[in-house]
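Chemist: Dropping the structure in here first, questions after.
The values are calculated or read from the model by the stated rules, or taken from the named source; none is laboratory data. In this text, all values refer to a predicted model and were calculated from it rather than measured experimentally. Cβ placement follows ideal geometry from the backbone for every residue including glycine, while neighbour counts extend to all protein chains displayed. To get the accessible areas, we keep the full protein, side chains included, count just its heavy atoms, and leave off ligands, DNA and RNA. Shrake-Rupley method; radii C 1.70, N 1.55, O 1.52, S 1.80 Å.
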Amino acid sequence: MRTIVLDQPRQLSVVDRPAPQAPGPGEALVRVHRIGICGTDLHAYQGNQPLFTYPRVLGHELGVEVVEVAGGAEGIGAGDRCAVEPYLSCGTCIACRSGKTNCCVRLQVLGVHADGGMRELITLPVRALHRSDTLSLDQLALVEPLCVGAHAVARAGIEADECVLVIGAGPIGLSVIQFASLAGAKVLVMDVNRDRLEFAREHFRVAAVIENSEGGPPTETMTRVQALTDGDMPSLVFDATGNQRSMTGAFDLPAPGGRLVFVGLFQGDVTFHDPAAHRRELTLLCSRNALPADFRRVISLLESGRVDTSQWISHRVPFGDGVVGGFPRWLDPQSRFIKAVIDM
Ligand SMILES: [Zn+2]
Ligand SMILES: [Zn+2]
């Protein structure tokens, strides 16, 4: 079975590995048809993904087809096409017991902490599979990254006509934009990169974009946001940058009584001035991964055509050496990488 292994940073190899054994109870053997590539994969490739060990088989955004299911698993059978929920949770810890499997104490993310789907066949728990009879394999591979944005938006509980600011117009920010506008919000987008803002404006429902010059005067940005919100400031701010300076500055942006949602993760300390946050009775929410309910909801939104996926795939390569050559190219900012999809 052809498998692509990330042996160490910047070294991918195409190898032959034995196919998995027949699935055990509660498991399914699936054939991988599509693999989406995101920032997590690129970070792992560059050697700067935290808590990542090598060698590792990448691949957590998967469009698969069921080959065999152990016993008579309910709702899933051979031939079914599925999106994969790559968050392998323990089922017994306090998070799992309260239904928050996305932040399980012993969480293993497929393709990050455990070997993922960059191979022809993989055995998965049946509960990780979310079936759709109508979505394309490309769409199934897009479900997971869309769920990350959908979950963050669900955390925030957007009200219709609410003014929302999304900081960071990379793939995660774009997915937040998509679901925030679907929830009826007026969406403002801020980024340091003009190309990204252009892309967001062209392909998503965005009320205004704000170019935030890196290291530029924050007062200028504040004034601009204020002007775009009739002096109110946005009641909800998402930070999807994972950038310390952006996340620190984001505390100043929500209106009094507002919420701040950290979707992007920074590996270190982010501090805030308590009186400034306290005075406005700010709520800070962190959003991690997604829940099974997000997968079901995103799939039904894709099936009904309410969420369009045509703009998402910026690059496409066949499985094999194309992948090995693709990674260094996708890292180049000139490539305007949004999402690569690998075809099996
Ligand atoms: Zn991803
Ligand atoms: Zn758990």
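Chemist: Under a 10 Å cutoff between Cα atoms, tell me which one of N48, N289, N102 has the largest fluctuation in the Gaussian network model of the chain.
Modeler: N48
Chemist: Which angle between 0 and 90 degrees, to the nearest 10, do you get for helix 171-182 versus the longest principal axis of the chain when only C-alpha atoms count?
Modeler: It works out to around 70 degrees.
Chemist: If you don't mind, there's one more thing I want to ask. With both bridge residues required to lie in the chain, what share of the DSSP beta bridges run antiparallel, to the nearest 5%?
Modeler: Values: 33 of 59 bridges.
Beta bridges within the chain, antiparallel portion: roughly 55 percent.
Chemist: For H43 and S300, calculate 0.36 nm times their separation in residues minus their Cα-Cα distance, and state this gained length in nm to one decimal. Walk me through the numbers before you get to the answer.
Modeler: Values: separation 257, 0.36 × 257 = 92.52 nm, distance 3.07 nm.
Full extension of this stretch gives 89.5 nm more.
Chemist: In the chain, what percent of the accessible surface is made up of carbon and sulfur (1.4 Å probe, ligands and nucleic acids excluded)? Please report the intermediate quantities before stating the final value.
Modeler: Details: 7530 of 15390 Å².
About 49 percent, which is the carbon plus sulfur part of the accessible surface.
Chemist: Let me ask another. Got the relative contact order for region 217-344 handy, in percent, Cα pairs under 8 Å and 6 or more residues apart? Walk me through the intermediate numbers first.
Modeler: Working: 147 pairs, mean separation 21.2, N = 128.
17 percent.
Chemist: In addition: Just to confirm the number: angle between the C-alpha axis of helix 321-330 and the first principal axis of the chain, 0 to 90 degrees, nearest 10?
Modeler: Taking Cα atoms only, the helix is inclined about 10 degrees.
Chemist: Over the chain, with the other protein chains present, what is the accessible area per residue in square angstrom, probe 1.4 angstrom? Don't skip to the answer; put the middle values down first.
Modeler: Numbers: 15390 Å² over 344 residues.
For the chain, the per-residue accessible area is 45 Å².
Chemist: First select every other residue whose beta carbon is under 15 angstrom from the beta carbon of L284; then total the charges, Lys and Arg +1, Asp and Glu -1. Walk me through the intermediate numbers first.
Modeler: On the way: positive: R155, R259, R279, R280, R288; negative: D239, D252, D269, D274, E281.
Spelling it out: positives minus negatives among the neighbours equals 0.
Chemist: Out of all Cα-Cα pairs in region 74-137, roughly what percent, to the nearest whole number, are more than 13 Å apart?
Modeler: Numbers: 1358 of 2016 pairs.
Cα-Cα pairs of region 74-137 separated by over 13 Å account for 67 percent.
Chemist: Against the longest alpha carbon principal axis of the chain, how many degrees, from 0 to 90 and to the nearest 10, is the axis of helix 218-228 turned?
Modeler: With rounding to tens, the tilt is 90 degrees.
Chemist: Using a Förster distance of 45 angstrom, determine the FRET efficiency expected from the C-beta separation of E120 and L285, and round it to 0.05. Intermediate values should be presented prior to the final figure.
Modeler: Working: r = 39 Å, r/R0 = 0.88.
About 0.70, to the nearest 0.05.
Chemist: May I pose another question? Springs between alpha-carbon atoms under 10 Å, Gaussian network over the chain: tell me which of P55, P23, P275 tops the mean-square fluctuations.
Modeler: Its mean-square fluctuation being the largest, the pick is P275.
Chemist: Continuing with this model, one more query. Using only protein heavy atoms and a 1.4 Å probe, report how much of C103 is accessible, in Å² to the nearest 10.
Modeler: My reading of the accessible area for C103 is about 50 Å².
Chemist: Something else about it: Please state the relative contact order of the chain as a whole percent: Cα pairs under 8 Å, 6+ residues apart? Write down the numbers at each step before the final one.
Modeler: Numbers: 741 pairs, mean separation 57.1, N = 344.
Computed value for the chain: 17 percent relative contact order.
Chemist: Something else: For a quick check, take a GNM of the chain with Cα springs below 10 Å and name the residue from E27, E68, E202 with the largest mean-square fluctuation.
Modeler: In the Gaussian network model the winner is E202.
Chemist: With 26 Å as the cut-off, how large is the P(r) tail for the chain, expressed as percent of Cα-Cα pairs? Mind dumping the intermediate values first?
Modeler: Details: 28991 of 58996 pairs.
So the portion of pairs separated by more than 26 Å is 49 percent.
Chemist: While we're on this one: Add +1 for every Lys or Arg and -1 for every Asp or Glu among the other residues with Cβ under 15 Å from the Cβ of R10, and state the total. Could the numbers behind the result be given before it?
Modeler: Details: positive: R56, R329; negative: D7, D41, D332.
With Lys, Arg at +1 and Asp, Glu at -1, the neighbours total -1.
Chemist: While we're on this one: Out of V189, F262, S213, whose Cα points farthest toward the positive end of the dipole of region 148-300 (charges: +1 Lys, Arg; -1 Asp, Glu; placed on Cβ)?
Modeler: F262
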